[in-house]
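For reference, the structure is listed below as structure tokens.
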Amino acid sequence: MEGYIALMIPITALLIPIVAILTQHQRRMAEIMRQNLPTGVHEISELRREVHQLKEIVNQQALQMDDFLTKQGQLMAPPPAPQNLHERLNS
């Protein structure tokens, strides 16, 4: 039992500064996060606005592409087939 206590004393003595260092680091990180919070909120709203603009551009381009392909298909479509036998023989 004395060996166990003798071993625990130096381990505890070494753990105290480690815990203090980790606590200090955690406190500093919390302060940094609090300082960056307003900037982060502004950046997020700016990014959301940009994403919204990009979605609008993509939607407009998709509609323009659809219109273009529709017009292209109408220009490239074969002429309509004649309806009666007389039109078929004369063409």
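Since only I18, N36, I57 are under comparison, the one whose Cα sits farthest along the positive direction of the charge dipole of segment 17-66, derived from C-beta charges on Lys, Arg, Asp and Glu, is I18. When restricted to Cα atoms, segment 17-66 yields an Rg and a Dmax of 20.9, 68 Å, respectively.
Take the Cα of E56, step 7 Å toward its Cβ, do the same at I16, and the gap between the two points is 6.4 nm.
Every number in this text was worked out from the coordinates using simple rules, so none of it is lab data. Nothing here was measured: the structure is a model prediction, and the numbers come from that model. Neighbour counts are summed over all protein chains in view; Cβ atoms, including those assigned to glycine, are modelled from backbone coordinates with ideal geometry.
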